[in-house]
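Engineer: What follows is a single structure, and I will ask about it in a moment.
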Amino acid sequence: MELPLNYSEHEAEIKWLKYWEENNVYKFNPDTKKEIYTIDTPPPTVSGKMHIGHAFSFSQQDFVARYKRMAGFELFYPFGTDDNGLATERLIEKLKNVKSKKMDRDEFVKLCLKTLEEIRPDFIFDWKKLGMSCDFDIFYSTIDAHSQRISQESFLKLYNSGRIYRKKSPIIFCPHCKTAIAQVEMEDVEKQSTLNYIKAKAESGEYLIYSTTRPELHPACVGISIDENGDYVTAKRENNELWIISKDAYNTMKEEFPMEIINEYKGKELLGKKVEIAYSLRNFVEINHDISVKTEYGTGIVYYCSYGGLDCVEWLSRHKTIEPLHIMDESGVYTKGKYKDLPSDKAREEVLKDLEADGYLIKKQKMKHFVNVHERCQTDIEYVATEQWFIKYLELKEQFLEAGNKLNWYPNHMKNRYDNWVKGLQWDWCISRQRHFGVPIPVWYDKHGNIVVPKADELPIEPLKNVPKGYSMNDLTPEKDVLDTWATSSLTPTLAADLFKNHPVYKKLYPMNLRPQAHDIITFWLFNTLVKSQLHDKINPWKDVMISGWALDPHGKKMSKSKGNVIEPQEVIKKYSADALRFWAAGSKLGEDLPYQEKDLATGKKMVTKLWNASKLAITNLEDYKGQKPKHLLPIDAWILSKLNNLIKSSTESFEKYEYSKTKQEVEKFFFSTLCDNYLEIIKERLYNPDIHGVDAKVSAQYTLHTSFFSVLKLMAPIMPFITEEIYHLHFIKTEGLKSIHHSEWPKFNAELINEEAEKIGDMAVDIISIVRKFKSTNKISLKEEISTLILAVNEEDEKLLKKAIADIKGVTRAKEIIFDDKDDDSFTRCENFDVKVGIIK
RNA sequence: GGGCUCAUAGUCUAGUGGCUAUGACGUCUCCCUUACACGGAGGAGGUCACCGGUUCGAAUCCGGUUGGGCCCACCA
């Protein structure tokens, strides 16, 4: 056969993509008799292009998928897209130049679905080019009717079982985006702020001094707290005003505000005092104790509002008798009090002006502090009390921790993050969003305000357009809110499995075997999915979770568009091939982050080239080999087969633990060093000269070459699916007749081929060859140059062993003569690992 | 502040108690050899972050320090 000189990775990769698709190589067969291995593939968001982090973690999960397929499983490996979120909404608005808020919701969803149909193929093609072996026909979009039905069904079931409730409750709210946001959508930003010291007159005549960064909330002040065990003082100012502050505050303030202590006491003494707060809707608030108050901060006296922040919310939950004051609505505007109709930033300016004019403000202290902002728009978040839908789960922490214990975590330590998160949960799960685009909450309200839900067989349903059977549009007011995107994406195992709902295979698809994902979303995607399956079925959604790390920039920093250090995987594939990109992704241990280093891609490309070139040698020399077993296996052949079987054993064990990087590393080393550098060089002599060494010696080499090369190809196939497929089709397909190497059986460990004596012979030979190479290198002569005599000073036992491989050693070292001699002198070199000394005569 | 995690040649990385610490890239020297010059052979390059402990023996185990990363909490 005429073999092409070079391997053109781009042509080849496109060729095999088409081939795999046309031949349904990765098609799931629901009627299979094989055991099924199910993967809960993460659905990426069609909000742009695949990024390098995707390429990194999806490659890693694909290694496992391909390994499992070769290990004999039928793969249920779906591919969905998460189209149900703000990101998609923004993308569609941009692409179609529309404003979702100005459109009918149903219409906008339809436009999204239509637009997604247009752009999705290109988007998904990036994943195909990466060599993902999903069955792309097992597809769902988290906004399609199928997903909407399942998501609404989940809502309905949980509602009917009393798990879901609606409550006026403070939620984290973005006044700019005008929606409730999740904890995870916030980020910390350090901002310049002012700590304002303000005085308030107590009923008994003294002034309490407190400090706040949120003065605009004065109208909503509902209480004032101190530390009952802390030290406080009453101090007299020059103008005879009496100030109550903590002793710590007295010490720091006395220079700026000269005063004289007239009384010292514990905070306990202040409890129950009534205080008049400026502009508050409550005339008087009462002093009480709260655990969060520290005497050394500010003045040791804190005012609480509904709601200045999480601390106020928590404070209210500790002081249950105090009624919150709701003064802000969902548009971020004050609805009551002196600053009605102002947004909070304007209100702050006005309040400060008034406080100053009315003599309440005594000090402004510049400070830097962290405020929570919405990550998308960087707007300060607010806490607003609105009607929201919640899934009640706080009392189930123990059950969730228990469920986490039952999962197999790879790597194990990632479970800590999950445990930490569950233990720290303080809120029920808020699942409603005031967005326009999303899965509608299937709820209506009748004229008395009662909640009306549909029957399961009416789903999916759009409440803005339809009503449940037996009602008319006039009877009911629809719920306008939609479900949070996580309420739907927490159902991915069901979204995928339900596509086979009417097939007997259905019951084998859930729970799934594996959830692969990155470590940043353990606390929400992983946790939320587990919550849903626990609530619905009291089981875990999967057996194993495999947690990937992140791709970082070359300096180990996180990639981000704003830093301009983003690497585009499409460009990488163009320059180095998908196999090379995957080879790079295989270089990181599971769960570890990996800096992107261009040189690693060059290494991957080198691996492709080497496989190609070595296969040319192998295939050319296997042309006349008919698969016969050799009469006698030569020691060098037994040597590499023994090494190969050790490799198969450890590679398999590594893959079973999802440690693909170990497999990659071992196979790479075996291939380059053992197979190419040494074995191939050794057997050339036998392959080229059967007239000298005999046909049996050639057949022994051919059998061994075929076995070891083919095995390496299979071991490498999960990581580099393209080049291995190319080589398979050039030759090795003949022995199996399968349509793809990816249908081949993963190499099996054969204990009979483990041969300690042969390993010793081979290892000694390699050491001797290495000494000869070094000799030639230092003497600046070509490796093909002949040497006249090779003298081996060894003990009797090793001499016997070495004599068994003497022809091979002679051939590869190009020694005209090899003699054994027990005498050695200073010119001899000792082998690295054996008590063998080597002398060379040019 | 709490939890987790990491620290190994110029760079990235392997290595969970044992001969001389792994590999790649880079670097230097040599070699155009019938798979490969998109290559091959060989060399140089390391206080395994720091301090202390356990041990016959520590990159590895324990305690502490320093510095990175991630997650969580706090910031009136």
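Engineer: From A:577, A:650, A:588, A:615, which residue is within 16 Å of RNA strand B (Cβ to nearest atom), without any contact (Cβ under 8 Å) to a residue 24 or more places away in the chain, among the hydroxyl-bearing types (Ser, Thr, Tyr) and open to solvent by less than 40 Å² (accessible area, probe 1.4 Å)?
Structural biologist: When all the criteria are applied, what remains is A:650.
Engineer: Is there a residue in segment A:682-701 that is open to solvent by less than 20 Å² (accessible area, probe 1.4 Å) and either among the polar types (S, T, N, Q) or within 36 Å of the chain's Cα centre (by Cα) (or both)?
Structural biologist: yes
Engineer: Further question on the same structure: Kindly indicate whether any position in segment A:27-41 is open to solvent by 10 Å² or more (accessible area, probe 1.4 Å) and assigned to a helix (DSSP H, G or I).
Structural biologist: There is no residue in segment A:27-41 that is open to solvent by 10 Å² or more (accessible area, probe 1.4 Å) and assigned to a helix (DSSP H, G or I).
Engineer: Another question about this same structure. Provide a single number: the residues in segment A:427-453 that are assigned to a loop (DSSP other than H, G, I, E, B) and closer than 30 Å to residue A:88 by Cα.
Structural biologist: Number of matching residues: 13.
Engineer: Taking interchain pairs and intrachain pairs at least six residues apart, which have beta carbon atoms under 9 angstrom, with the first residue in segment A:236-251 and in contact (Cβ under 8 Å) with a residue 24 or more places away in the chain and the second assigned to a helix (DSSP H, G or I)?
Structural biologist: Cβ pairs passing all conditions: A:243/A:250; A:243/A:253; A:244/A:270; A:245/A:253; A:246/A:267.
Engineer: Among the residues of segment A:186-205 satisfying the criterion of being more than 10 Å from RNA strand B (Cβ to nearest atom) and open to solvent by less than 30 Å² (accessible area, probe 1.4 Å), which is farthest from the chain's Cα centre (by Cα)?
Structural biologist: Among them, the one singled out is A:202.
Conditions tested, residue by residue: (1) part of a helix (DSSP H, G or I); (2) more than 16 Å from RNA strand B (Cβ to nearest atom); (3) within 40 Å of the chain's Cα centre (by Cα); (4) touching a residue at least 12 places away in the same chain (Cβ under 8 Å).
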residue: A:674; (1), (2), (3), (4): yes, no, yes, yes
residue: A:677; (1), (2), (3), (4): yes, no, yes, no
residue: A:703; (1), (2), (3), (4): yes, yes, no, yes
residue: A:714; (1), (2), (3), (4): yes, yes, yes, yes
residue: A:719; (1), (2), (3), (4): no, no, yes, yes
residue: A:723; (1), (2), (3), (4): yes, no, yes, yes
residue: A:730; (1), (2), (3), (4): yes, no, yes, yes
residue: A:733; (1), (2), (3), (4): yes, yes, yes, no
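Engineer: Sort out which residues of segment A:656-671 are within 14 Å of residue A:66 (Cβ to Cβ), more than 20 Å from the chain's Cα centre (by Cα) and open to solvent by less than 10 Å² (accessible area, probe 1.4 Å), and write them in order of number.
Structural biologist: A:663, A:667
Engineer: Shifting gears a bit: Return yes when residue A:601 is within 12 Å of RNA strand B (Cβ to nearest atom) and touching a Pro at 6+ places or on another chain (Cβ under 6 Å) and no when it is not.
Structural biologist: No, not satisfied.
Engineer: Let me ask you something else. Give the residue, chosen from A:562, A:472, that is within 14 Å of RNA strand B (Cβ to nearest atom), surrounded by fewer than 16 Cβ atoms within 10 Å (Cβ to Cβ) and more than 19 Å from residue A:55 (Cβ to Cβ).
Structural biologist: When all the criteria are applied, what remains is A:562.
Engineer: Within segment A:764-780, can you find the residues that are outside any helix (DSSP H, G or I) and either open to solvent by less than 10 Å² (accessible area, probe 1.4 Å) or among the hydroxyl-bearing types (Ser, Thr, Tyr) (or both)?
Structural biologist: Across segment A:764-780, there are no qualifying residues.
Engineer: Now for a separate question. What tally of residues in segment A:101-133 results from selecting those that are in contact (Cβ under 8 Å) with a residue 60 or more places away in the chain and either buried (at least 19 other Cβ atoms within 10 Å of the Cβ) or under 30 Å from residue A:63 (Cα atoms) (or both)?
Structural biologist: 16
Engineer: Let me ask another. Out of all the residues in segment A:156-168, is one or more assigned to a strand (DSSP E or B), modelled with pLDDT under 80, among the β-branched types (Val, Ile, Thr) and open to solvent by less than 30 Å² (accessible area, probe 1.4 Å)?
Structural biologist: Checking segment A:156-168: not a single residue is assigned to a strand (DSSP E or B), modelled with pLDDT under 80, among the β-branched types (Val, Ile, Thr) and open to solvent by less than 30 Å² (accessible area, probe 1.4 Å).
Engineer: Looking at residue A:45, is it open to solvent by 30 Å² or more (accessible area, probe 1.4 Å), of a type in the set (Ser, Thr, Tyr) and in contact (Cβ under 8 Å) with a residue 12 or more places away in the chain?
Structural biologist: Yes: the conditions hold for residue A:45.
Engineer: Residues being open to solvent by less than 20 Å² (accessible area, probe 1.4 Å) and within 16 Å of RNA strand B (Cβ to nearest atom): count how many of those fall in segment A:795-810.
Structural biologist: Number of matching residues: 3.
Engineer: Kindly indicate the residue of segment A:214-249 that is open to solvent by 30 Å² or more (accessible area, probe 1.4 Å) and of a type outside the set (Asp, Glu) and also nearest to RNA strand B (Cβ to nearest atom) among those meeting that condition.
Structural biologist: A:214
Engineer: A follow-up question, please. Condition test on residue A:460, is it open to solvent by 10 Å² or more (accessible area, probe 1.4 Å), within 12 Å of RNA strand B (Cβ to nearest atom) and over 30 Å from residue A:278 (Cβ atoms)?
Structural biologist: So residue A:460 fails the test.
The values are calculated or read from the model by the stated rules, or taken from the named source; none is laboratory data. Because the structure is predicted, anything quoted here is derived from the model rather than measured. Every residue, glycine as well, gets a Cβ built from its backbone with ideal geometry; the counts of neighbours run over all protein chains shown. Accessible surface areas use protein heavy atoms only, side chains included; no ligands, DNA or RNA. Shrake-Rupley method; radii C 1.70, N 1.55, O 1.52, S 1.80 Å.
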